[in-house]
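Q: The structure follows.
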Amino acid sequence: MSALASLLGSGEFVVTAELNPPKSAAAGLVRRRAEALKGVVDAVNVTDSNRAMVAMAAIPAATLVRSVGLEPIVQMTGRDRNRIALQADVLGAAAIGIENFVFMSGDDPKQGSHPEAVFVKDLDGVGLVKMAVGMRDLAHFLSGDEIKQPPKMLIGATASPFAKPMESDVTKTLDKIAAGADFLQTQPVFDLATFSRWLVEVRRGASREVPTIAGVLILRSPEQAERLAKVPGVAIGPEVLDRLKKADDAESEGIAIAVQMVKALRALPGVRGVHLYAIEWPEAVVRVVDAAGLLPRPDARVVA
């Protein structure tokens with residue numbers, strides 16, 4: 001059982017963060033980013049060419065993260081691979097001891113660095129969860145063939161509470177829960193009222209309780225906030241932009257906004273952790289976790 005699985009199973013409030021592999025073969029850079037988060041978060045999402053921009057592959061990057069003593073969560077998208085490659089990657093990752101996954105459709109290549117690339121999308125987010133659960137629990141490939149030694153894994157899925165209409169994401173999220181997802185990670189939360197409504201609808205409709213790890217984006221400047229507000233699923237309201245524009249120190253204000261959100265989310269029933277997004281700014285994760293009173297992090301071995 002992975003450390004993250006132990007913490008979620010024990011009822012601990014978990015802290016995860018995003019780690020973007022570089023757009024190069026710089027292994028040392030991955031290790032430095034991981035070192036900066038070691039002891040501050042319980043696990044890090046190693047992204048899969050985030051926003052359809054070519055970057056170091058997630059599985060080898062995850063092995064570098066693990067080499068410094070930080071637990072990786074491999075993001076796996078259906079954007080670039082068909083079901084044969086996806087199942088093969090799951091087996092390969094599990095064989096080298098990677099146990100945590102988050103499955104998602106992935107960003108449209110038209111938004112990234114290779115707009116002419118084929119959007120494979122053989123499996124969507126729900127289909128990916130079904131694939132993983134079938135491999136783990138039923139010991140079968142999607143073809144029906146038996147897996148002699150099935151992979152051990154914790155299966156995560158994503159949710160986008162600020163998609164429009166909200167009901168469409170609630171339905172997708174409930175489908176992922178019904179398919180067997182072990183936990184959910186959401187897009188960044190800035191509008192607490194809307195997120196609370198989404199959370200109530202999901203908890204009401206779900207057949208079982210699934211830990212929700214709510215996203216918190218740490219903003220660095222008003223210009224960054226305006227740029228990210230255009231990303232699908234990210235809803236940054238005018239009051240947030242106004243706070244950043246009026247602040248003498250936009251970075252410190254971004255930290256304060258994130259800390260405020262972490263504390264508010266922690267009080268919501270059903271929220272079992274936070275997922276911190278800090279783009280190329282790992283120091284900000286340290287500051288937010290510390291200021292939110294989430295240090296020291298629990299030792300998963302003790303919890304288990």
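The values are calculated or read from the model by the stated rules, or taken from the named source; none is laboratory data. Quick caveat, the model's predicted, so the values are computed rather than measured. A quick note on method: Cβ atoms are made from the backbone with ideal geometry, for glycine too, and the neighbour counts reach across all protein chains shown.
Q: I'd like the full set of residues that are modelled with pLDDT under 95 and on the phi > 0 side of the Ramachandran plot, limited to region 118-168.
A: Result: 121, single match.
Q: Sort out which residues of region 235-269 are surrounded by fewer than 16 Cβ atoms within 10 Å (Cβ to Cβ), small (Gly, Ala, Ser) and over 25 Å from residue 201 (Cβ atoms), and write them in order of number.
A: The one that is surrounded by fewer than 16 Cβ atoms within 10 Å (Cβ to Cβ), small (Gly, Ala, Ser) and over 25 Å from residue 201 (Cβ atoms): 252.
Q: When both residues are 6+ apart or on different chains and their Cβ atoms are under 6 Å apart, which pairs have a first residue that lies in region 229-252 and is without any contact (Cβ under 8 Å) to a residue 60 or more places away in the chain, and a second that is among the basic types (Lys, Arg) and surrounded by 14 or more Cβ atoms within 10 Å (Cβ to Cβ)?
A: Close Cβ pairs satisfying both conditions: 251/220.
Q: Among the residues of region 161-201, write down those that are assigned to a helix (DSSP H, G or I) and over 20 Å from residue 128 (Cα atoms).
A: Hits for region 161-201 are 166, 167, 192, 193, 194, 195, 196, 197, 198, 199, 200, 201.
Q: Right, here's the next one. Look through 175, 169, 137 and report the one residue that is among the acidic types (Asp, Glu), buried (at least 21 other Cβ atoms within 10 Å of the Cβ), in contact (Cβ under 8 Å) with a residue 12 or more places away in the chain and closer than 28 Å to residue 90 by Cα.
A: One residue alone meets the criteria, 169.
Q: Let me ask something else. Mind checking which residues of region 202-218 are assigned to a strand (DSSP E or B) and not aliphatic (A, V, I, L, M)?
A: Scanning region 202-218 gives 212, 215.
Q: Is it the case that some residue within region 45-56 is more than 24 Å from residue 186 (Cα to Cα) and touching a residue at least 12 places away in the same chain (Cβ under 8 Å)?
A: Taking every residue of region 45-56 in turn, none turns out to be more than 24 Å from residue 186 (Cα to Cα) and touching a residue at least 12 places away in the same chain (Cβ under 8 Å).
Q: On the given criteria, is residue 80 crowded, with 17+ Cβ neighbours inside 10 Å, acidic (Asp, Glu), under 22 Å from residue 232 (Cα atoms) and touching a residue at least 40 places away in the same chain (Cβ under 8 Å)?
A: In short, yes.
Q: So, residue 202, is that one of a type in the set (Val, Ile, Thr), surrounded by 14 or more Cβ atoms within 10 Å (Cβ to Cβ), more than 26 Å from residue 51 (Cα to Cα) and in contact (Cβ under 8 Å) with a residue 40 or more places away in the chain or not?
A: So residue 202 fits the description; yes.
Q: On to the next question. Would you point out the residue of region 88-139, among those that are among the acidic types (Asp, Glu) and touching a helix residue (DSSP H, G or I) at 6+ places or on another chain (Cβ under 9 Å), that is farthest from residue 78 (Cα to Cα)?
A: It comes out as 99.
Q: Kindly indicate which of 129, 74 is free of Cβ contacts under 8 Å to residues at least 40 places away in the same chain, within 28 Å of residue 3 (Cα to Cα) and β-branched (Val, Ile, Thr).
A: 74
Q: Among the residues of region 233-249, which ones are farther than 16 Å from residue 187 by Cα, of a type in the set (Val, Ile, Thr) and touching a helix residue (DSSP H, G or I) at 6+ places or on another chain (Cβ under 6 Å)?
A: None; the set is empty.
Q: Tell me, please, whether a residue that is touching a Phe, Trp or Tyr at 6+ places or on another chain (Cβ under 6 Å) and in contact (Cβ under 8 Å) with a residue 60 or more places away in the chain can be found in region 140-156.
A: Within region 140-156, one or more residues are touching a Phe, Trp or Tyr at 6+ places or on another chain (Cβ under 6 Å) and in contact (Cβ under 8 Å) with a residue 60 or more places away in the chain.
Q: Same structure, new question: Residue 232 fails exactly one of the following numbered conditions: (1) buried (at least 16 other Cβ atoms within 10 Å of the Cβ); (2) within 16 Å of the chain's Cα centre (by Cα); (3) farther than 24 Å from residue 99 by Cβ. What is the number of that condition?
A: Of (1) buried (at least 16 other Cβ atoms within 10 Å of the Cβ); (2) within 16 Å of the chain's Cα centre (by Cα); (3) farther than 24 Å from residue 99 by Cβ, only one is false for residue 232: (1).
Q: Quick one: is residue 33 over 21 Å from residue 287 (Cβ atoms), part of a helix (DSSP H, G or I) and within 18 Å of the chain's Cα centre (by Cα)?
A: When the stated conditions are applied, residue 33 does not pass them.
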